[in-house]
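Step one of this worksheet: look at the structure below.
Where a number appears in this text, it was derived from the coordinates with a stated rule and is not lab data. For clarity, every value in this text was computed on a predicted model and none was experimentally measured. Glycine gets a Cβ as well: all are built from the backbone with ideal geometry, and neighbour counts include every protein chain shown.
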């Protein structure tokens with residue numbers, strides 16, 4: 001009986017990430033994290049074919065409109081996933097991060113890191129599996145040119 005609950009909670013996370021990032025068939029998406037292959041397969045089952053993981057996408061060329069991070073349980077792991085996914089994301093990309101930890105201040109630290117990377121926090125949604133935080137880059141190309 002525990003398995004249907006797990007399946008529904010995973011599906012809830014996938015649906016939440018799709019909704020928050022407004023991911024569609026026209027978007028390229030890049031996935032990072034320890035559960036990236038599971039998320040990749042769930043997106044493919046939904047008909048999203050322009051998805052890849054950081055392990056399967058060879059050259060980071062800032063060509064992806066959406067980034068998804070899942071399966072990371074520590075701040076260091078999420079920061080590493082953010083650093084790994086950043087070169088793949090376009091200057092106006094959306095990102096969703098599944099936060100499994102209930103540690104106090106954890107979300108605030110991730111929010112600060114996302115803001116340092118040029119993202120503006122858009123929303124946060126509590127799911128059965130954790131908390132999904134979404135953010136968007138706006139004008140990041142202009143900031144890079146100015147620097």
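Figures for the structure shown
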quantity	calculated
Distance between modelled label sites at residue 50 and residue 8, nm, 7 Å Cα→Cβ extension	3.4
Fraction of antiparallel bridges per DSSP, the stretch 2-146 only, in percent to nearest 5	50
Likely footprinting exposure, 31, 110, fewest C-beta neighbours within 10 Å first	110, 31
Within the chain, helix-based [θ] at 222 nm, where runs of 4 or more DSSP H residues each add -39,500 (n - 2.57), nearest 500	-12500 deg cm²/dmol
Euclidean distance between Cα centres, the stretch 52-70 to the stretch 79-123, Å	14
Rg [Å, one decimal], Dmax [Å, integer] - the chain, C-alpha atoms	14.5, 56
